[in-house]
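No value in this document is a laboratory result; all are computed from the given coordinates. Fair warning: this is a prediction, and the values are worked out from it, not measured in the lab. In this analysis, Cβ positions are derived from the backbone assuming ideal geometry, glycine residues included, and neighbour counts consider all displayed protein chains.
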Amino acid sequence: MKVGETATAKAVWKFVIRDARTGAVLDEVERKNVLTTEFKKLLAQAWGNSQGSSNWMLVLGTGSGTPSESDTGLFQPVASTAKTGQLTVSNNTVQYYVRYMPEEANGYTYTEAGIYEHTDGNDYTTGTLINHVNIDPAITKDNTILLDIYVTITFP
């Protein structure tokens with residue numbers, strides 16, 4: 001999967017037709033289908049409930065590079081920006097929200113951000129990076145800026 005592509009959940013059904021006496025496979029039929037909206041809602045609800053409000057952290061960084069699905073950390077994280085906010089679930093969508101007040105996270109030009117899940121609530125490095133994004137254009141944060149960050153994950 002490439003950056004910017006949307007992951008799509010799907011179900012694959014496999015029907016194996018066998019001879020009742022020998023067990024030999026006579027035919028196989030495979031079909032793909034979509035998952036119901038209700039299932040997507042259940043996924044989002046399960047994700048939101050399993051994460052709670054204190055075991056994830058959003059982190060800003062100043063590094064450069066191309067985020068990939070194999071990333072395990074930001075290129076150049078700014079540890080002092082690690083912060084937990086609100087996590088909400090609505091239908092098949094989970095939304096992370098963090099606010100940086102005018103007096104927070106100042107003195108950097110941010111070029112990347114990430115969400116770390118399953119942290120101990122105090123140290124993002126105890127968690128796992130689940131989302132990594134470049135910030136373009138970069139955001140220079142000082143005491144004249146109040147920065148709200150919303151990350152919306154939709155279970156397709």
Option label - Rg and Dmax of the Cα atoms in Å computed here, alternatives (1) 19.3, 69; (2) 20.8, 78; (3) 25.5, 100: (2)
Segments 105-113, 20-28 sorted - mean Cβ within 10 Å per residue, highest first: 105-113, 20-28
Degrees, to the nearest 10: 37-51 long Cα axis against longest axis of the chain: 50
Nonlocal amide H pairs with PHE75, under 5 Å, H built at 1.01 Å: GLY63
CD proxy at 222 nm, helix term only [per DSSP H run n ≥ 4: -39500 (n - 2.57); per residue of the chain; nearest 500]: -3000 deg cm²/dmol
Lys/Arg +1, Asp/Glu -1 at C-beta; segment 59-156 dipole; positive extreme among VAL133, TYR97, ALA113: TYR97
Total formal charge among the other residues, if their Cβ is under 12 angstrom from that of VAL16, Lys/Arg +1 and Asp/Glu -1: -2
Check: segment 36-154 dipole with +1 on Lys, Arg Cβ and -1 on Asp, Glu Cβ, in debye: 280
